[in-house]
Amino acid sequence: MADLVNASRNAVAAHQSAPALVEGDGRVISFAQLLRQAEGFAADLQRRGVQKGDRALIAMPVSADLYAALAGLWMVGAVAVFPEPALGLKGLRHAVRVARPKLLIATGWYKFLRFLPVLWRVKLMRPSGRGTPTETALSGGDPALMSFTSGSTGLPKCILRSHGFLMAQQAAVAPLLKTDDARDLVAFPVFVLVGLAAGRCAVLPNWKLSQQGDVTGAELVNWINQSGATRLLLPPALCERLGDVGVPAGVTDIFTGGGPVFPDVMRALARQCRVTAVYGSTEAEPIAEIMASDIAEADWTAMAQGRGLLVGRPVPAVDLRLEDDEVWVAGAHVNEGYLDLADDAANKVNEGGRIWHRTGDAGRLDPDGRLWLLGRHGARVKLHNGWLYPFQIEVAARLWEGVRRAALVEVSGAPVLAVEADEARDWPVPEGLELRVVRTIPMDARHASKVNLTALEAALR
């Protein structure tokens, strides 16, 4: 993603005051300002002895400072390390143990993390400085970024991304976001990089990304109107709230992902603007995409009848196949292994040097080559007439009268359908499933868009 720096320089040459970012407080940062801060920080890094390959733990909110820090680190060939934010201090300590960073790049109260015992010997810096750095030669294989999986089934796995990998990911995502004059409200930090590399303005959230579940539809609408955003890149939970209050008139497109985009949410939004759902994972983003306008009436009916969740055709940059109903993917933007090689055993398959990533998601391909997701492969339950996958019932149940959301779980070895609703009704629950009506189904901490199965199972016991 050294292309971020090049794109910024090109934008400055073309238009000195071109807006690059709109901060959460409404402040507008131009490409010229962002580039100047990044170069000053890179020069300061070099003055303080930071070398190519050194690792820097990033601890700061999503802001212009964050992207200036990234660009500055990459200018000198340093590696940015991002802990899993949903895990808080536990995730940070794990990232330090795994990555062993030499630097802590922090702003605001995050600077006090320096006093944690695991960071006592780590040099603290903030993304500032003046000057122009000495150019550092970089190749596609040089490391650029370390991030972590969500850790929902154990300790987070560390993914080391090279500059070449990030460029391949950008190439896979960029065709989905072709409009150059859009102003994007982006709730996924990595997609801000794609916008910057394209010379496009990104609006940053004015809420904490670790608290997506607390954002109301009214608050979201207010920020869209204040910031002038014309396109939204939001997790499904925020799309759901936006659908409840109405999409502002200035918004032309919504891109959503990071969790299942259920048909009730998709259809409600599609009445107001263009909607695209993107399917992917931490290890492979994107995998498939679909516009609501491309979903035929027969497809909506099939989802309501338990066929699963339609997520569209695989993107051109990915190879996809199914093994025992599980979705496997390979491609230049698909992670081929984790930092700890022992983590590869569970979901990496090497076939003659070609690495396939096992997503853990179950699916099927229809005659048109479109992918239908069935939910997590390991979350299927056994009924008298065969296997039942989560999305075969959850997608349909969300369309039942009075149901807000649904989740298929096993409680003490028995299959249970948990339904979030005010009261039970005469719903077509499949034979062999126990129905439990609950007031709230707990959601994940990252995007508030996936069911927290561990918490739900504990609550139902």
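We did not get these values from a lab; they are worked out from the coordinates using the rules stated. Since this is a predicted model, take the numbers as computed values, not measurements. We place every Cβ from the backbone using ideal geometry, glycine too, and count neighbours over all the protein chains shown.
For the chain, excluding the exposed loop sites themselves (GluC sites (Glu not before Pro), DSSP loop, at most 11 other Cβ atoms within 10 Å), the longest remaining stretch covers 136-400. Counted residue by residue at 0.36 nm each, then reduced by the alpha carbon distance between them, the extension gain from residue 25 to residue 176 reaches 51.5 nm. Label positions at residue 423 and residue 274, each projected 7 Å from the Cα along the C-beta direction, are separated by 4.5 nm. Between the residues 43, 246, 146, the greatest Cα displacement towards the positive end of the dipole of the chain, with unit charges on the Cβ of Lys, Arg, Asp and Glu, is found for 43. From least to most packed, judged by other beta carbons within 10 angstrom and beginning with the fewest, 303, 60 follow the order 60, 303.
Counting each pair of different Cα atoms once, what's the Kirkwood radius of region 380-461 in Å, rounded to one decimal?
Result for region 380-461 stands at 12.9 Å.
DSSP finds beta bridges in the chain, and of those with both partners inside it, around 60 percent are antiparallel. When only the Cβ of Lys, Arg, Asp and Glu is charged (+1, +1, -1, -1), the dipole of the chain relative to its Cα centre reaches about 1840 debye. Here's the picture: charge each Lys and Arg Cβ at +1 and each Asp and Glu Cβ at -1 in region 380-461, and of 428, 449, 414 the one pushed furthest to the positive end of that dipole is 449.
How large is the Kirkwood hydrodynamic radius of region 359-413, in angstrom, based on all distinct alpha carbon pairs?
Working: mean 1/r = 0.0807 Å⁻¹.
Kirkwood radius, region 359-413: 12.4 Å.
Loop-resident trypsin sites (Lys or Arg not before Pro) (DSSP state other than H, G, I, E or B) in region 119-159 with no more than 12 further Cβ atoms inside 10 Å of their Cβ: 121, 130.
Compute log10 of I(q)/I(0) for region 73-178 with the Debye formula, placing one identical point scatterer on every Cα and leaving out solvent, at q = 0.17, 0.22 Å⁻¹, to two decimals. Per q value, in the given order, log10 I(q)/I(0) is -0.96, -1.26. Counting every other Cβ atom within 10 Å of each residue's Cβ, 94, 333 order from fewest to most as 94, 333.
Could you sort out which of 52/157; 90/348; 111/208; 111/450 sit more than 21 Å apart by Cα distance in this structure? Among 52/157; 90/348; 111/208; 111/450, the Cα-Cα distance tops 21 Å for 52/157; 90/348; 111/450. Computed extension length for residue 123-residue 300: 58.2 nm, one decimal, from 0.36 nm per residue of separation with the Cα-Cα distance subtracted.
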